[in-house]
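The values are calculated or read from the model by the stated rules, or taken from the named source; none is laboratory data. All figures in this text were calculated on a predicted structure; none of them were measured in a lab. So basically every Cβ, Gly included, is an ideal-geometry build from the backbone, and we count neighbours across all protein chains shown. When the accessible area is computed, the model is the full protein with side chains, heavy atoms only, and any ligands, DNA or RNA have been set aside. Shrake-Rupley method; radii C 1.70, N 1.55, O 1.52, S 1.80 Å.
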Amino acid sequence: MADVEHGVAALARRIVFLGPPGAGKGTQAGRLAAVRGIVRIATGDMLRDAIAQGTALGKQAAPFIDRGGLVPDELLIGMVGERIGREDCRDGFILDGFPRTLRQAEGLEQMTGGTPSGFVVFDIEVPRDELLRRLSGRRLCPTCQATYHLQTNPPATVGVCDRDGSALVQREDDKETAVALRLSEYDARTKPLIEYFRARSRFHSIDGYRPRDVVFGELQGLLESGP
Ligand code: ADP
Ligand code: ADP
């Protein structure tokens, strides 16, 4: 479990990205982590890694992910609790894709000493038809997890990762049937977290239906403006 007394500076560096699949959480969280030097904890990436490595966690998680469901809370709480407790998270972390249920949010409170007031929460909102366009065009590097989009962010060479030359793939759960379930799981189980965090944290609703750089500029500005 993470140390409770991380200090004020560390609290301002605890950031949560909320938002439906395809909203741009990974895009923005990745850039924020790189620019500000904060660890990014992307639970989808961690689970996909676990599946690729054939770990026990990966084997338990795979059937839920492939069909577009949520992986059971206790697995996620254990995985994130272990990750947050590591030394590189002492000065803060960015959560991308966690929590996704109220039970997970309560788990997060417990693992960080009951201080959701110290979190900055960005809820990225994007209209549903645009989410569908983003998800259907998303392509992923299975090696480094870099994300592309066929139309709006293509790699330099078609189908090949700019960073490491791997062949890009479409995530199984970005196909139509799984996407429908993911969006309904978001509505039923993740959306209630908006009210949860609005009542407890520094909460910002972000219009994600704008160019990447514009969204990123707003996030940076909000973080600069302090608590
Ligand atoms: P999430 O992590 O919320 O599922 P991603 O960051 O993976 O979302 O983005 C989903 C897809 O949309 C990716 O293909 C990404 O390149 C693209 N995308 C991200 N942000 C934008 C944006 N502001 N405008 C257009 N496309 C975007
Ligand atoms: P997206 O970027 O499209 O929002 P992610 O890459 O974050 O999706 O997650 C992919 C899948 O991994 C989810 O659909 C779900 O099956 C599983 N997953 C990731 N994070 C969680 C979580 N916090 N709780 C339950 N399942 C999760």
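Please determine, in degrees from 0 to 90 and to the nearest 10, the orientation of helix 176-185 with respect to the longest principal axis defined by the Cα atoms of the chain, where the helix direction is its Cα long axis. It works out to around 20 degrees.
Looking at the stretch 133-227, the pairs of alpha carbons with a distance over 22 Å make up 50% of the total. Taking the C-alpha atoms only, the angle from helix 56-67 to the longest principal axis of the chain is near 60 degrees.
A DSSP coil position with no more than 14 other Cβ atoms inside 10 Å describes the following trypsin sites (Lys or Arg not before Pro) in the stretch 38-113: 86. Bridging of residue 175 to aspartates and glutamates at a Cα separation below 14 Å is possible for 66, once same-chain residues fewer than 8 apart are set aside. How many angstrom lie between the Cα centre of the stretch 198-212 and the Cα centre of the stretch 124-192? Here the two parts' Cα centres lie 20 Å apart.
Label separation (residue 67 vs residue 199): 3.2 nm, computed from points 7 Å beyond Cα along the C-beta direction. Only helical runs count toward this figure. For the chain, summing -39,500 (n - 2.57) over DSSP H runs of n ≥ 4 and dividing by all residues gives -13500 deg cm²/dmol at 222 nm. Surface analysis of the chain yields an accessible area of 47 Å² per residue, using protein heavy atoms and a 1.4 Å probe. Sorted from longest to shortest, the spans of the Cα atoms of the chain along the three principal axes equal 47, 40, 34 Å. Helix 128-137 axis versus longest C-alpha principal axis of the chain: approximately 60°, rounded to the nearest ten.
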